[in-house]
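Comments concern the structure below.
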């Protein structure tokens, strides 16, 4: 005879979704991200001018940075000001893997990607979509994200016991420490310097190279093969204050918007999960969360680690962009402030708000170039006016798909009839 518990168990199993609906719900959004990224790269990018395509690419990178910082500043209510430090760590780690990995695998740091990395302009049409170089690039992004995540854990574990202004000062100091340490690194090891182990060109070698070039002969053979570059030299050979030059340019709209879509998807699913609800409870009232048994330090560190991982991946994408030099100045405290502006402007805790603000903050200065002498003044004034009239940001804590958001915006533009009647009475 079946007991009540057995009957409840059978009833619960009957209510569970089938395998196919579960797969569609679980993998469907990821597949959609892949399709959107592929369409952008294969069909939309060829229709865009180089300048417009670069802007679209910058928007994607900024969306990743803004949404990743939202996981800390928005979800847990912390105030991190060193997000550019994780951008720099991830970018340099990814650059080391792709640059010196290319020298070991291909004998040259040049780009060896397929059509998804934007190569069909300079390569034959039968080039495959993905190549070994793309695999190396994808690996470098993962390495950059993991290195940034580990550093986020090491920084976050002691510092996230702090709150408010103290946490902001600590994270800002971390970003500056990273920038200063990067400036102390050595010069980039190139195939040219490998031909001259002293890293200096004497007059005789310059004359020999010129003569061989005029005769159409190759350069002198490598004295130290690229496959024998010491690991310690590769880690420290990132260019110092001059920046990491010569990186292969794998970054394309496909990779940027694939990562951007995954970042938004992870942030959304984190927000609606029980794990993410703990984040939000810390933001609303940390003392009450601790009273209910939430390990606030553990969850804040996790938020920091996840945020740092995606910032590191964004750094890898930024480092491998055509025409962008990876320098310590490009990932300084000004970059951290720009990311904070995106998060606050979009609304603390709003994923879609951070994405929209990233678009606005990226495009507005470009459209104001017509008034070059005053564009930053107008840009700052626009931000001030937005924060005066929308102190909680464009979307507050809501998302663009929430019905309550649209009702709130409608009430902001026109008062409710009942309010008018109450005032008359």
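Read the figures in this text as sums done on the coordinates, not as results from a lab. What you are looking at is a predicted structure, and each value in this text was computed from that prediction instead of being measured. Please note: Cβ atoms are built from the backbone with ideal geometry, for glycine as well, and neighbour counts cover all protein chains shown.
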Quiz item: Taking the Cα-to-Cβ direction at residue 370 and at residue 35 and moving 7 Å from each Cα, how far apart do the two end points lie in nm?
Solution: 3.9
Quiz item: In Å, what is the Rg of the alpha-carbon atoms in the stretch 50-120, and how long is Dmax?
Solution: 16.3, 48
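So for the stretch 300-379, Kirkwood radius off the Cα pairs, Stokes-Einstein at 25 °C and 0.890 mPa s: how many µm² s⁻¹?
Details: Rh = 14.4 Å.
It comes out at roughly 170 µm²/s.
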Quiz item: What percent of all Cα-Cα pairs in the stretch 228-365 falls in each 5 Å bin, counting up from 0?
Solution: 2, 8, 13, 18, 19, 14, 10, 8, 6, 2, 1, 0
Practice problem: Measure out, as a whole number of angstrom, how far apart the alpha-carbon centroids of the stretch 143-186 and the stretch 239-300 sit. | Solution: 15
Self-check item: Neighbour-count order for 356, 371, fewest beta carbons within 10 angstrom listed first
Solution: 371, 356
Exercise. Treat the count of other C-beta atoms within 10 Å as a stand-in for reagent exposure and order 129, 401, 302, 255 from fewest to most.
Key: 401, 129, 302, 255
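Within 10 Å of each residue's Cβ, count the other Cβ atoms and sort 306, 386 from fewest upward.
On the way: 306 22, 386 16.
Lowest to highest Cβ neighbour count: 386, 306.
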Quiz prompt | Hydrodynamic radius (Kirkwood) for the stretch 244-323, which is based on Cα pairs only, to one decimal in Å | solution = 14.6
